[in-house]
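**Q** Next up is a structure, given as structure tokens.
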Amino acid sequence: MARKPETLSATIVAQSRLFRVEQLDLRFANGTEVVFERLAPGRGGGAVLVVPVTGDRELVLIREYAAGTGRYELGLPKGLVEVGEDPIAAANRELREETGFGAERLETLHHLTLAPGYMAHSTQIVLARGLYEAPLPGDEPEPIEVVPWPLAELTELLARPDFTEARSIAAIFLALERLRTETEETP
């Protein structure tokens with residue numbers, strides 16, 4: 001495996017309320033020096049994305065406005081892990097704020113990166129089961145629509161033009177694999 005490049009300097013070159021752009025001056029093992037830019041790591045603990053599955057094998061999806069695409073998107077509950085917060089606790093908090101459900105069982109499945117060449121952001125994927133009503137007030141500008149979706153109709157969900165977030169799609173497949181493995185292990 002190649003040796004990591006040496007960081008010669010790291011400078012914030014642009015900043016907004018949400019993002020910091022960092023310039024990295026790097027020297028690779030072969031002596032080549034380059035300049036990269038990336039979205040700098042956040043100050044919190046990353047993010048969580050929750051795959052809530054009911055006892056009836058339904059996903060609990062949400063529909064909310066996505067400023068990046070300029071339209072309402074169907075997806076999974078998600079949010080930032082606050083400084084000092086455990087990711088599992090953050091997953092249950094986001095689940096409660098965005099869907100009105102808490103979970104008796106929360107299991108980290110994996111972590112995903114979005115574009116590791118340009119950002120250090122990581123999202124913990126959490127499977128939530130044993131759902132019960134437990135709403136918490138959230139920080140969304142309008143009420144979020146909760147949309148139950150049968151796992152048996154996954155093909156239809158994947159074909160929808162308003163279900164496009166790659167993290168949600170990947171997370172569902174990770175959860176399905178975990179559920180399949182459990183089914184096979186049960187005598």
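Bear in mind that the values in this text are calculations on the coordinates, not laboratory data. If you're wondering where the values come from, they're calculated on a predicted model, not measured in any experiment. FYI the Cβ positions are ideal-geometry reconstructions off the backbone, even for glycines, and counts take in every protein chain you see.
**Q** Val83 fails exactly one of the following numbered conditions: (1) closer than 19 Å to Ala171 by Cβ; (2) touching a residue at least 24 places away in the same chain (Cβ under 8 Å). What is the number of that condition?
**A** (1)
**Q** Separate question: Are any residues in region 1-22 within 18 Å of Gly44 (Cβ to Cβ) and assigned to a loop (DSSP other than H, G, I, E, B), and if so, which ones?
**A** Listed by number, the residues that qualify are Ser16, Arg17, Leu18, Phe19.
**Q** Report, by residue number, each residue of region 78-89 that is assigned to a helix (DSSP H, G or I) and within 20 Å of Glu133 (Cβ to Cβ).
**A** Ile88, Ala89
**Q** Shifting gears a bit: Can you tell me which of Val83, Val48, Val13 is in contact with an Asp or Glu (Cβ under 8 Å, 6 or more places away or on another chain), surrounded by fewer than 15 Cβ atoms within 10 Å (Cβ to Cβ) and among the β-branched types (Val, Ile, Thr)?
**A** Val13
**Q** Which of the residues belonging to region 28-77 are in a loop (DSSP other than H, G, I, E, B), closer than 21 Å to Gln124 by Cβ and hydrophobic (A, V, I, L, M, F, W, C)?
**A** Ala40, Leu76
**Q** With the requirement that a residue be of a type in the set (S, T, N, Q) and surrounded by fewer than 13 Cβ atoms within 10 Å (Cβ to Cβ), what does region 117-135 give you?
**A** none
**Q** Let me ask you something else. Let me spell it out: the conditions are (1) within 19 Å of Trp149 (Cα to Cα); (2) touching a residue at least 40 places away in the same chain (Cβ under 8 Å), and Arg38 meets all of them except one. Which number is the exception?
**A** (1)
**Q** Would you mind stating whether Val60 is out of contact with any Lys or Arg (no Cβ under 7 Å at 6 or more places or on another chain) and either within 21 Å of Arg178 (Cβ to Cβ) or small (Gly, Ala, Ser) (or both)?
**A** Here the answer is yes, as Val60 does meet what is asked.
**Q** Give me the pairs: first residue in region 1-21 and of a type in the set (Val, Ile, Thr), second residue in a loop (DSSP other than H, G, I, E, B), beta-carbon distance under 8 Å, and six or more apart or on different chains, which are they?
**A** The qualifying pairs are Ile12/Ala40; Val21/Ala40.
**Q** Just the residues that are among the small types (Gly, Ala, Ser), in contact with a Leu (Cβ under 6 Å, 6 or more places away or on another chain) and within 30 Å of Gly100 (Cα to Cα), please, taken from region 10-69.
**A** Gly44, Ala47
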